[in-house]
Amino acid sequence: MPVTDSIDFTIKLKAEMEAREKLQEAGYFLFQLKQFADKEIDFFNYSLSAFLGAWTSVPDIMLYDFAEKYSLGLTREDYVTEKEFRLAAKVLNRQEAIDFAEWLDKRISELRKDHSILFRKRIEVVHRGYPLTTRTYAVNPSGSARIPITSVTPAPPSQATVQWNVEIKTYFQERPNESVIDICQRAYRDMEILVQDAKYEVWKKEVSK
């Protein structure tokens with residue numbers, strides 16, 4: 001590959017929001033969750049822990065992205081929360097940065113409300129270990145209603161060719177009616193919308209209303 005092509009590629013990568021890269025990391029571990037849905041629970045928990053870490057850190061990284069965008073004098077070597085971001089924006093009189101911070105705070109509050117269980121599970125992973133999950137198994141013969149796997153008995157000779165489909169579901173005890181994967185999938189999509197709205201400055205239209 002010519003040297004110039006390599007340089008162009010590097011510049012293109014640098015231009016991307018790092019929050020977007022962190023979102024892609026969360027997407028990778030969401031994929032891993034699905035891969036381990038019917039395998040060892042340990043590997044499922046490892047992927048869940050990694051997903052929670054990447055997913056919850058996306059807004060934090062976004063603050064650094066926009067601190068650079070608005071030249072707030074904050075680098076990735078600094079400890080930056082919304083408080084430091086707002087203070088720097090106010091001191092430097094960067095109104096767009098102030099508006100962005102207000103918009104982001106509102107959107108994060110919505111995420112915390114809609115996906116409070118994942119933010120709580122993230123705290124558990126960091127301070128207490130892996131979140132408690134329960135895994136259930138159910139089977140259903142093709143074309144028939146589901147029945148618990150514990151009630152399966154050897155099929156009589158006339159039904160020996162029946163195909164049995166096993167359905168495996170892992171869920172948080174607080175949410176027995178929804179699988180962990182479904183919860184994470186929905187949360188990922190909402191975070192993806194946040195990143196896209198920030199990248200394409202949709203927030204400017206919302207702030208001006």
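The values are calculated or read from the model by the stated rules, or taken from the named source; none is laboratory data. Bear in mind that the values here come from a model prediction, so they are computed numbers and not experimental data. Every residue, glycine as well, gets a Cβ built from its backbone with ideal geometry; the counts of neighbours run over all protein chains shown.
Among the numbered conditions (1) at pLDDT below 95; (2) buried (at least 20 other Cβ atoms within 10 Å of the Cβ), tell me where PHE85 comes up short.
(1)
Does THR134 satisfy the criteria of being among the polar types (S, T, N, Q), in contact with a Leu (Cβ under 8 Å, 6 or more places away or on another chain) and at negative phi? Write out each step before concluding.
Values: among the polar types (S, T, N, Q): yes; in contact with a Leu (Cβ under 8 Å, 6 or more places away or on another chain): no; at negative phi: yes.
So THR134 fails the test.
Name the residues in region 60-115 that are within 13 Å of TRP203 (Cα to Cα), touching a residue at least 12 places away in the same chain (Cβ under 8 Å) and of a type outside the set (Val, Ile, Thr), would you?
Hits for region 60-115 are PHE66, GLU96, ALA97, ASP99, PHE100, ALA101, GLU102, TRP103, LEU104, ASP105, ARG107.
Taking region 155-209 as the search range and keeping residues that are hydrophobic (A, V, I, L, M, F, W, C) and in contact with a strand residue (DSSP E or B) (Cβ under 7 Å, 6 or more places away or on another chain), which one is modelled with the highest pLDDT?
Step one: filter region 155-209 for residues hydrophobic (A, V, I, L, M, F, W, C), giving 155, 160, 162, 164, 166, 168, 172, 180-181, 183-184, 187, 191, 193-195, 198, 202-203, 207.
Subsequent filtering for residues that are in contact with a strand residue (DSSP E or B) (Cβ under 7 Å, 6 or more places away or on another chain) retains 162, 164, 166, 168, 172, 180.
Details: VAL162: 51, TRP164: 56, VAL166: 59, ILE168: 75, PHE172: 89, VAL180: 94.
Per the stated criteria, the residue is VAL180.
Listed here are the residues, each with its yes/no results for (1) over 18 Å from ARG186 (Cβ atoms); (2) surrounded by 15 or more Cβ atoms within 10 Å (Cβ to Cβ); (3) out of contact with any strand residue (DSSP E or B) (no Cβ under 7 Å at 6 or more places or on another chain); (4) modelled with pLDDT under 95.
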site: ILE11; (1), (2), (3), (4): yes, no, yes, yes
site: LEU30; (1), (2), (3), (4): no, yes, yes, no
site: ASP38; (1), (2), (3), (4): yes, no, no, yes
site: PHE43; (1), (2), (3), (4): yes, no, yes, yes
site: SER49; (1), (2), (3), (4): yes, yes, yes, yes
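Looking at (1) in a helix (DSSP H, G or I); (2) at pLDDT below 95, find the lone condition where THR75 falls short.
It fails just one condition, (1).
Please go through region 51-63 and give me each residue that is surrounded by fewer than 23 Cβ atoms within 10 Å (Cβ to Cβ) and closer than 12 Å to GLU82 by Cβ, ordered by number. I'd like the intermediate steps shown before the answer.
Initial filter on region 51-63 (surrounded by fewer than 23 Cβ atoms within 10 Å (Cβ to Cβ)): 53-54, 57, 59-61, 63.
Scanning region 51-63 gives PRO59, ASP60, LEU63.
Looking at GLU68, GLU40, can you tell me which residue is closer than 30 Å to LEU92 by Cβ, among the acidic types (Asp, Glu) and over 11 Å from the mean Cα position of the chain (by Cα)? Explain how you work it out, then say what you get.
Details: GLU40 fails: closer than 30 Å to LEU92 by Cβ.
Only one candidate passes the filter, namely GLU68.
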